[in-house]
Structures are given as structure tokens and as C-alpha cells.
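**Student:** After the C-alpha cells below, expect a handful of questions from me.
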Amino acid sequence: GQLIRPIAIGEPTAKLRHLYDIAVELFYAIFEAIKPGNTSLDVLEAVKPIVERGDFSIQAPLVHGWDNLPQPPLIGLPGGEREYPIDPHVFEEGQLIMIEPNPTPRDFSTGIFFGSLCVVTSDGCRNLHQFPDEFVVVD
């Protein structure tokens, strides 16, 4: 399953650190919203306060099914370059999903990739990876 963490050669810029912080905040808002019976609309509601700050853009899906290519459910932000289905997807126990919010500045000059493969359990979402949520910096 996918595991996505940013790696910088040398100290990352303040812009990249800011995008990383947004990615982690979005990831955990989504993570907490995914439970059996909840829908893609619950995910969009959970990220709404973060998105409304308006200092970034996301063009890729926030959540997608588990595969080499994004599979349903494809949950993306409305109003982006690519529109995603707005029919509510209902999460089910045992479903594998990739949470992958990848924020970029509005000018698309850079961006951060951050995400993990998760499984929907009776208690909510469980991350299938144990790698730390850190911005890896190589000197």
C-alpha cells in the first residue's frame, strides 16, 4: 500500500513547511471523519474549516480507493480543475482507502505529498503504516 512522506535535501523552505502542516492537518481531519456509515460528505465537512482559510489548493483526490491508480471512491474538493463525483460514498468496515491530501500553493509552484493507506474498522480508520508523520530532511 502507498506510504507518502516528503523528503527534502537540505532545510525545506517556510512555504514547504507550511504546506506540510496543512497536509498533516487535512490528513487527520479526514482520518477522524472516516467511519463505517459515514460518507464522502462527512469528509468534505471535516476539511471545510481548513479549506476555507484559502491559502492553498488541492487538485488531486483527498481520498481514493486502494490501487496503483486512483479508484473509487474519489473524494476531491469541489471547484477544482477536475471535478469529482458528489454522490455520497458510504464507508464500509474492511474497506481499504488511501488518504492523500496533497496541498499546493494557488500558483502550483510547488507542493507536498503526504498520505497513508488505511482500513475502515468498526472503531473508525486505522493507518496501515507505522512510519512517523515527519518531514524527512537529508543534509
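The values are calculated or read from the model by the stated rules, or taken from the named source; none is laboratory data. Just so you know, these numbers come straight off a predicted model, no measurement behind them. We place every Cβ from the backbone using ideal geometry, glycine too, and count neighbours over all the protein chains shown. Note: accessible area is taken over every heavy atom of the protein model, side chains too, but ligands, DNA and RNA are not part of it. Shrake-Rupley method; radii C 1.70, N 1.55, O 1.52, S 1.80 Å.
**Student:** Give the distance, in whole Å, between the Cα centre of region 115-139 and the Cα centre of region 35-65.
**Tutor:** 17 Å
**Student:** Can you give the calculated 222 nm mean residue ellipticity of the chain, where each DSSP H run of n ≥ 4 adds -39,500 (n - 2.57) and the sum is split over every residue, rounded to the nearest 500 deg cm²/dmol?
**Tutor:** -7500 deg cm²/dmol, from helical runs alone.
**Student:** Highest GNM mean-square fluctuation, the chain, Cα pairs closer than 10 Å: which of S40, S122, S109?
**Tutor:** S109
**Student:** Using 7 Å Cα-to-Cβ label points, what is the E93/L41 separation (nm, one decimal)?
**Tutor:** Reported label-point gap for E93 and L41 is 2.4 nm.
**Student:** Using only Cα atoms, find the angle between the long axis of helix 40-51 and the longest principal axis of the chain, and express it within 0 to 90 degrees, rounded to the nearest 10.
**Tutor:** Roughly 30 degrees, rounded to the nearest 10.
**Student:** Same structure again: Hey, could you get me the Stokes-Einstein D for region 20-67, Kirkwood radius over alpha-carbon pairs, 25 °C and 0.890 mPa s, rounded to whole µm² s⁻¹?
**Tutor:** Diffusion coefficient, whole number: 215 µm²/s.
**Student:** Under a GNM of the chain (C-alpha, springs under 10 Å), which listed residue has the highest mean-square fluctuation: L96, L77, L41?
**Tutor:** The residue with the greatest mean-square fluctuation here is L41.
**Student:** Give me the 1.4 Å probe accessible area per residue for the chain, excluding ligands and nucleic acids, in Å².
**Tutor:** With all protein chains present, the chain gives 54 Å² per residue.
**Student:** Still on this structure, I have one more. Taking Cα atoms, how many degrees apart are the long axis of helix 14-33 and the longest axis of the chain, rounded to 10 and kept between 0 and 90?
**Tutor:** 10 degrees
**Student:** Quick one: with all protein chains in place, what share of the accessible area of region 11-139 is carbon or sulfur, to the nearest percent (1.4 Å probe)?
**Tutor:** 54 percent
**Student:** Mind giving me the FRET efficiency for F131 and E32? R0 is 25 Å, r the Cβ-Cβ distance, nearest 0.05 is fine.
**Tutor:** The formula returns an efficiency of 0.80 here.
**Student:** Restricting to Cα atoms and excluding each atom paired with itself, what does the Kirkwood estimate give for the chain in Å?
**Tutor:** Answer for the chain: a Kirkwood hydrodynamic radius of 15.2 Å.
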